[in-house]
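Taking it in order: structure first as C-alpha cells, then the write-up.
Each value in this text was obtained by applying a stated rule to the coordinates, not by laboratory testing. Predicted model only: the values in this text are computed from it and were never measured. Every residue, glycine among them, receives a Cβ derived from its backbone with ideal geometry; neighbour counts consider all protein chains shown.
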Amino acid sequence: MADYDLVITGGTVVTAADTYRADVAVRDGRIAAIGFGLGGGATTLDAGGLLVLPGGVDSHCHIEQLHPGGGADEETFVTGSRSALAGGTTTVITFAAQFKGHGLGAALAEYRRRAEAAMVDYSFHQIITDASDDVIFREVPEIVSSGIRSLKVFLTYDPLHLDDRSFLRVLAAARRCGALVTVHCENYDAIGWRTAALLADGRTSPKYHAWSRPAVIEREATYRAIALAELVDQPIQIFHVSCPEVADEIARAQARGVKVWGETCPQYFVLSAADMDRPGFEGAKYMCSPSPRDRQASEGLWDAVRRGTLDVVSSDHSGWGFETPVGKRVNGVDAPFRDIPNGVPGLGSRLPILFSEGVAAGRISANTFVQLTATNPAKLFGLYPTKGTIAPGADADLVLWDPARQTTITNARLQHVIDYTPYEGRQVTGWPAITIRRGEIVMRDGVVEAAPGSGRFLRREPYPLIAPTGRVPDGFDASAFLV
Ligand SMILES: [Zn+2]
C-alpha cells in the first residue's frame, strides 16, 4: 500500500518566496508532504530538470459569457478549461454578466449551470451594468454571501458602462457586504467623442481603434476610479493596465495608503498599436481594450511589475473568432473599428509568454512569475492558501514546467476554440510539461485528459485583505446609508 497517491521527485519547487529542491507528495487531492525520502506513491513522476510550480490562477478571463442579444461566447467551459490546462492554469475566475434592465439572479444561475462542465476550478466576478435599488440593496448582498466575492464594473462600453453615481453605489454595496470591486478604466464619453470624429474623417480601419482611446483616456478613468473608491473607502483592483502612466496613478494611490491593486496582461507586454495597422482586416486580430501601446510602454510595465505596483497578470481571454461569422467579422470585414468586437484569446498562452518574456529574458525571477500568475491572484480574490501556493494542505494544483523548452506558439497548441492566436509563430522559452489539478494528472505533453464536469465551484468566504481601511472623509461613512 503506497503512502501517497502521487509523489513528484527530483524537481525544483518554486513558490512566491522560495526556490528549492524537494519532492512533493500528494494524498486525497492535497499536498501532504514536501521533503526528501517521503515514501512511496501509487504514481511517481520524475521531475528532474523541471520546475514544480503552483497551478496558474487566471483571475480575469471571459468564458461562455452570455450576449445581450442571445447566444454566448464561442469559448465554452469545456474548451476554455482545455486551453487553461494545456497552458498550466488550473483555476479561473470568469464573469457572470448582468443585462441592463434585468436583475442578477437568473443570469447567475445560468452561468452556474453552464460552468458545471468545467475542468478547471472556477469562480465568478459579478458584472454590474445596472445599479438599480433591487440589485444594489438586495441582490448584491445575496450573491456575495453565496461566495461570489467580487464585483466588476465597466466605466466604458455600450451597453455596459456605469456613470459615476452608479459606480459609487456599487462601491458602497461592496463595502457593506465585503466584496472586492474590479474596474475597467476608460472614459466612456471621451472615447465616444473621439470615435465620432475619427469616423467623420473617414478613419475607420482597425488601427484607429488605438487612436480612439489613447492612454490619457485610460489614465483619467483610472484616477477617477481610485478617487471614488477612496471617497467610499472601498478596495478596488484596476484591470488590464496598458502603460506606465496608468500604473503611476495606482502607485501614487498605494503610496497614500489606498487599497488599490493593479493587473496587467501578456498582450500589453508583447503586442502594440502597430499590430492593428496590418493590411485589410488582419489588424482586427489584435484589437482589445485598453489598446496595446508601444515598446516603451511595455518596458515601463515591467518596471511597474518589479516595483510591485502591478502584481497580477491575467489573460483577459476574450473569445472572438477571426473567420467565424459570429466573431470579429460579425459586422463584415469593412466594418468601422467601432463595430468590431474587442478582445484577444490568451488562456493557454498566458504562462508561456510571461515566463519567456519575464523569466527567460531576465526581467523577473521565477518567484515573481509565480506571484504574478498564481499566488497574488489567489490572495487578492480569497482563494489562498487553498490555491496559489505549494504547501502542505493546499490543493495539489501543480505544473511541472520545462524552463528550457523552446516552442513555437501555434493556435493548435493552445487548444482554445477560437480560430486564431495573436501570438502565432512566436518563439518562447519555457513550456508546461504536465499539469496536475487536485492531484490528478490532467495534461501531459499537450494532451488534456480531464473529464468535463471535474472542475469545482470555489465558494469564496470573507477574507481580511480586502477589508476597508476605516478612513473616510470627515469621518462620515456614507456607505452605511442605503442611498
Ligand atoms: Zn475582461
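Assorted remarks:
- Chain lengthening between R256 and S365 when straightened (0.36 nm per residue, less Cα-Cα): 36.5 nm
- Summed side-chain charge close to G430 - residues other than G430 whose Cβ falls under 11 Å, Lys, Arg +1, Asp, Glu -1: -1
- With Cα atoms, 0 to 90° folded angle of helix 164-177 axis to the chain main axis: 40
- Length-normalised contact order for the range 240-363 - Cα pairs under 8 Å, 6+ apart - percent: 27
- Working ranking of peptides 430-439, 12-21, 279-288 by packing, defined as the average number of other Cβ atoms within 10 Å per residue, highest first, is 430-439, 279-288, 12-21.
- R405 long-range amide H proximity, modeled H, under 5 Å: G430, W431
- Among 42-52, 182-192, the peptide with the highest mean count of other Cβ atoms within 10 Å heads the list, and the full ranking is 182-192, 42-52.
- The length gained on full extension between C177 and A200, counted as 0.36 nm times the residue separation minus their Cα-Cα distance, comes to 3.7 nm.
- Secondary-structure-derived ellipticity at 222 nm for the chain, considering helices only, amounts to -7500 deg cm²/dmol, per-run term -39500 (n - 2.57) for DSSP H runs with n ≥ 4.
- Pairwise FRET efficiency - A227 versus A109, Cβ, R0 = 35 Å, nearest 0.05: 0.50
- Cα centroid separation, the range 407-483 to the range 123-181 (Å): 21
- Axis angle, to the nearest 10 degrees, between helix 295-307 and the longest C-alpha principal axis of the chain: 60 degrees.
- Estimated from the Cβ-Cβ distance and a Förster radius of 51 angstrom, the FRET efficiency linking D339 and M1 is about 0.20.
- All aspartates and glutamates inside 14 Å of K259 as judged from Cα atoms, apart from same-chain residues fewer than 8 positions distant: E230, D233, E249, D311
- Extending 7 Å from the Cα toward the beta-carbon at both E449 and T43 defines two label points whose distance is 0.5 nm.
- For the range 354-365, Karplus couplings with θ = phi - 60° (6.51, -1.76, 1.60), whole Hz, Gly/Pro x: 5, 5, 5, 6, x, 6, 5, 7, x, 7, 9, 7
- Using every pair of distinct Cα positions in the chain, the Kirkwood expression returns a hydrodynamic radius of 22.6 angstrom.
- Using all pairs of distinct alpha-carbon atoms, the Kirkwood hydrodynamic radius of the range 333-481 works out to 18.5 angstrom.
- Rg ratio (alpha-carbon, reference 2.2 N^0.38 Å) - the range 260-347: 1.18
- To the nearest ten degrees, helix 188-200 and the longest principal axis of the Cα atoms of the chain are 70 degrees apart.
- Linear extension gain, Y157 paired with W193, 0.36 nm per residue minus alpha-carbon span: 11.7 nm
- Highest average packing first - 169-177, 108-116, Cβ atoms within 10 Å: 169-177, 108-116
- Computed on the chain, with alpha-carbon pairs under 8 angstrom and 6+ residues apart, the relative contact order is 22 percent.
- Cα-Cα over 29 Å, subset of K152/K387; K100/K379; K285/K379; K152/K285: K100/K379; K285/K379
- Of all beta bridges that DSSP places with both ends in the chain, some 45 percent have antiparallel geometry.
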